[in-house]
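Report on the structure given below.
Taken together, the values in this text are just the output of simple stated rules run on the coordinates, not laboratory data. Since the structure is predicted, the reported quantities are computational estimates derived from the model, not experimental observations. Methodologically, a virtual Cβ is constructed for each residue, glycine included, from the backbone with ideal geometry; neighbour enumeration extends over all protein chains shown.
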Amino acid sequence: MSNLATALVETAQRYPQDLAVQGAGRFLTYAELDEFSARAAGGLLAHGVVPGDRVGLRLPYSPAFTVLFFGALRTGAITVPLSPMGRSLAVPPRHDACGTRLVFTAPDPATAQEARGSDTTLVPVGSDFLDQMTFWPQHTSVTDRGDHDPAAMVRTEGTARSALSITFSHRALREAALTARAPVGGTAMNNERLCASFPSAGPAYGLTALMQSGACLSARGGRAAVSPGRRGEMAALCLATGPGERR
């Protein structure tokens, strides 16, 4: 099976109590990341998402982004990372936002306005989003996808109608995860931990978001085990707030 989400399942089985991702005041072990992504997949299936559908993630770098990223991959959907500072994604009826009809987005007053009279379903992701997901149904299986099946699409700068995009296959994402320790955006990653900060806006947002999410599997921290009653100090992926992000 080529789906990148299988790598998360396997890692969670081998290192369940190791820290996988931390950021925005939240810590997730591999077991927790696996469970939350399974619940994200269950929620997406309940929304009618099927393999090949595009799921937009207009979120700052956070554990919620990583959870939804792997949740979408579990269903066989295509993830579309979108800058939180980007233009409106809501579109008139009978159209879509670059093929993305379901978009997870940070809540703000403009979000409700965007959703009115639009075919795009905007799902707000607040600070308690992961807590709410504990009540979502789990979809523990992973949809089989071929090596060359699309897994993610990164939009370039431009309007929703004129923006170009680059599509990455599951094979490309797996290879990117294996090389995730290479410098990205001028920030070096060591053999145990990735701690990166990138701006919220710009043409590189989608690409760096994908690489950071995949990096949590290839940069596993050997000293990240969680002791009973406390959290370890190192995570495989530490997401630092980038310039312009909401704190």
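Here are some notes:
- Sorting 99-105, 206-212, 167-173 by their mean Cβ neighbour count within 10 Å, with the most densely packed peptide first, gives 206-212, 99-105, 167-173.
- A simple spin-label model places pseudo-atoms 7 Å from Cα toward Cβ; at HIS47 and ILE166 they are separated by 2.5 nm.
- Debye log10 I(q)/I(0) for the stretch 1-64, one point scatterer per Cα, at q = 0.12, 0.18 Å⁻¹: -0.35, -0.78
- Were the residues from GLN17 through PHE135 laid out at 0.36 nm apart, the gain over their Cα-Cα distance would be 40.3 nm.
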